[in-house]
Amino acid sequence: MKALCWHGKEDIRCDSVPDPRIEEPRDAIIRMTSCAICGSDLHLYDGFMPGMKSGDIMGHEFMGEVVEVGSGNKKLKVGDRVVVPFTIVCGDCDQCRRSNFSVCERTNRNKDLADKAFGHTTAGLFGYTHLTGGYPGGQAEYVRVPYADVGPVKVPSTLTDEQVLFLGDIFPTGWQAAIQCDIEPTDTVAIWGAGPVGQMAVRSAVLLGARQVIMIDNVPERLSMAAAGGAITINFDEESVVERLNDLTGGKGPEKCIDAVGMEAHASGSVDSLYDRAKQALMLETDRPHVLREMIYVCRPAGVLSIPGVYGGLIDKIPFGALMNKGLTIRTGQTHVNKWTDDLLRRIEEGEIDPSFVITHTARLEDGPEFYKTFRDKKDGCIKVVLKP
Amino acid sequence: MTRMKTMLGYAGAKRLARGLGWFSIALGALELLAPRRVGDALGMQHESGAIQAYGAREIASGIGILAARDPTPWIWARVIGDALDLATLAPNADPRNPQRPYVLMAIGAVAGVALLDYLCADGLARKEDDHRSRRDYADRSGFPQSPNAMRGAAREPEMVSTARH
Ligand SMILES: NC(=O)c1ccc[n+]([C@@H]2O[C@H](COP(=O)([O-])OP(=O)(O)OC[C@H]3O[C@@H](n4cnc5c(N)ncnc54)[C@H](O)[C@@H]3O)[C@@H](O)[C@H]2O)c1
Ligand SMILES: [Zn+2]
Ligand SMILES: [Zn+2]
């Protein structure tokens, strides 16, 4: 079959690889009908995520049709149409029972590696680093889905692939980011990063009733999409983020801040970005926490920092004194996708939201490598790419 | 000089500016830390002080380029600096200077970088063209009604309790 494989920094190729087979009784094989490129894939593409191996199959946002089911799987039938969450979950460990799915204790088959890197393991993830199990991903014609009697979400034929595909990742991610803010009707929610995750976070914060939602980025068309969803926009190339945020909140700062950028933040307007670039280049720091610093600084005391943006390792010069003295709460994590999918699927069915608004490019799987670049470089107004086999 | 129209767009110019910024810092550090070596190579042994001053200037414009919200003025500062470098090097291209071949090489290198600096400044001036060609997604709300009408649609008691689990 065809699959997009990682071969190194900025080197994704469409390779011919063996078809996957059922390995465990609870497995299923899915024939992919749509998959997407996610901002998290870019961290692998740009070589910032440790633990990748040449030939790894990429992709963790995908859906399709069940074509084979293991003997122990009582939930799925051949022919079912499913969206597959990017987190692999067992459904009955202590964490899964508490709906903390992204830290499932059983599905990471490289648990020892993760225990060493993080202290305790987190869940297995599709198409991601070997620290999270190194499971072959969904930017491929076929995918083996482990524990397929728990994670996959059956979707009705009345909805298109485009409407439900993002249930597997960015929609619940933006949603959880907003939920973690415990939004009150008087709140201002400031969101850094107008990529697909930030776009979903804007809509979620509006639905959850925030009085004011503010989006910070420097890409005009991404800001225009955020404005369409109800956000006030700040272009950090043209204006001072801290000043504008204070202006918009009567000098008090936003109560809730969301980091939808993660470890590759760029900032042309500050000396700290220079410091981070240099340290990252010298391998003294793995991530660039410019957004984190800005959020800690500008957030209203007793506020919440919600961080869906992905970090991989170590960061430096975090104003922890400000964070502590201001009494800020940090909430973060890979998304507990299955905690939200039923509710969000219902909202899509009821027409409350149609997540397909974010798709700007649709292409064939074999053209995927080129679209990694288009997405990363934000060429041609690209915000979200969907690939079809 | 005629405007080299097709050479560089705004995005390319921004990337080039970063490269030039780092280049400035590296060259400046060399001039600042090893002025004798640089002076010896160019037959300018007695001008260590001037070379160090030039190094400090390079570093300042490098930091300016990398840290500024808009690097354009700093890139123009580099263009002027290039002219100054050329003016300083030119008298040393005298045939009596035993290091003349190196001076000529240095002049060639500075001239090359000067061209890059100029192209970069020129490309940065194209910011407006760049924005006009961009797409506008003002019609992509994802909501069935205006965002204002949708505000709070998901604020049901049931929702809030899920969040607090
Ligand atoms: N927690 C999760 O489960 C989860 C799931 C999906 C994605 N993610 C992460 O969320 C982040 C965003 O993903 P995406 O798909 O939207 O990616 P993206 O790369 O398309 O978007 C990132 C955006 O941040 C902007 N940006 C960069 N520096 C900035 C700054 N200093 N201030 C404001 N904006 C800045 C960029 O211009 C870009 O538009 C990534 O780190 C991704 O890995 C996390
Ligand atoms: Zn993702
Ligand atoms: Zn589990």
- Residue that is part of a helix (DSSP H, G or I), farther than 29 Å from A:K75 by Cβ, modelled with pLDDT under 95 and not assigned by TED's automatic domain parsing to the domain that holds A:R31, where the choices are A:V202, A:V206, A:V242: A:V242
- What are the residues in region A:97-113 that are within 16 Å of ligand 1 (Cβ to nearest atom) and either without any contact (Cβ under 8 Å) to a residue 60 or more places away in the chain or open to solvent by 30 Å² or more (accessible area, probe 1.4 Å) (or both), if any? A:S99, A:N100, A:V103, A:C104, A:T107, A:N108
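Restricting to region A:154-175, give me the number of residues that are outside any helix (DSSP H, G or I) and within 16 Å of ligand 2 (Cβ to nearest atom).
The number of residues fulfilling the criteria is 1.
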- Message: Going through A:P185, A:P152 one at a time, which residue ends up being assigned by TED's automatic domain parsing to the domain that holds A:A260, of a type outside the set (D, E, K, R) and away from ligand 3 (no atom under 13 Å from the Cβ)?
- Response: A:P185
- Task: Please go through region A:54-71 and pick out each residue that is open to solvent by 30 Å² or more (accessible area, probe 1.4 Å) and not in a strand (DSSP E or B).
- Result: A:S54, A:G55, A:S71
- Message: Condition first: within 19 Å of the chain's Cα centre (by Cα) and open to solvent by less than 10 Å² (accessible area, probe 1.4 Å). Now tell me which residues in region A:363-374 satisfy that.
- Response: A:G368, A:Y372
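Among the residues of region A:210-219, how many are surrounded by 21 or more Cβ atoms within 10 Å (Cβ to Cβ) and at the interface with chain B (Cβ under 10 Å from one of its Cβ atoms)?
2
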- Exclusive hit being surrounded by 18 or more Cβ atoms within 10 Å (Cβ to Cβ) and either away from chain A (no Cβ under 14 Å) or not in a helix (DSSP H, G or I) (or both), set B:A41, B:A106, B:A83: B:A106
- Taking A:I88 as the residue in question, decide whether it is within 16 Å of ligand 1 (Cβ to nearest atom), touching a residue at least 40 places away in the same chain (Cβ under 8 Å) and out of contact with any Leu (no Cβ under 8 Å at 6 or more places or on another chain). no
- Item | Qualifying residues in region A:341-362 (those that are open to solvent by 10 Å² or more (accessible area, probe 1.4 Å), touching a residue at least 12 places away in the same chain (Cβ under 8 Å) and of a type outside the set (D, E)) - the one farthest from A:G262 (Cα to Cα) | A:L345
- Task: Name, by its number, the condition in (1) within 14 Å of chain B (Cβ to nearest Cβ); (2) part of a helix (DSSP H, G or I); (3) over 15 Å from the mean Cα position of the chain (by Cα); (4) buried (at least 21 other Cβ atoms within 10 Å of the Cβ) that does not hold for A:A178.
- Result: (3)
- Unique match (being out of contact with any strand residue (DSSP E or B) (no Cβ under 6 Å at 6 or more places or on another chain), closer than 20 Å to A:I22 by Cβ and within 15 Å of ligand 2 (Cβ to nearest atom)) among A:G151, A:G124, A:G138: A:G151
- From the list A:G327, A:G313, A:G303, pick out the single residue that is open to solvent by 30 Å² or more (accessible area, probe 1.4 Å), away from ligand 1 (no atom under 16 Å from the Cβ) and not assigned by TED's automatic domain parsing to the domain that holds A:V153. A:G327
- Task: Return only the number of the condition from (1) open to solvent by 10 Å² or more (accessible area, probe 1.4 Å); (2) not assigned by TED's automatic domain parsing to the domain that holds A:L305 that A:G195 does not satisfy.
- Result: (2)
- Query: With respect to the numbered conditions (1) of a type in the set (A, V, I, L, M, F, W, C); (2) buried (at least 24 other Cβ atoms within 10 Å of the Cβ); (3) touching a Leu at 6+ places or on another chain (Cβ under 6 Å), which one is the sole condition not fulfilled by A:L131?
  - Reply: (2)
- Query: Among the residues of region A:77-117, which ones are in a helix (DSSP H, G or I) and either within 14 Å of chain B (Cβ to nearest Cβ) or within 16 Å of ligand 3 (Cβ to nearest atom) (or both)?
  - Reply: A:D94, A:Q95, A:C96, A:R97, A:F101, A:S102, A:V103, A:K111, A:A114, A:D115
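The values are calculated or read from the model by the stated rules, or taken from the named source; none is laboratory data. Note that the structure is a prediction, hence the values are computed from the model and not measured. Reconstructed Cβ throughout: ideal geometry from the backbone, glycine too, with neighbour counts over all protein chains shown. For accessibility, only protein heavy atoms count, side chains too; no ligands or nucleic acids. Shrake-Rupley method; radii C 1.70, N 1.55, O 1.52, S 1.80 Å.
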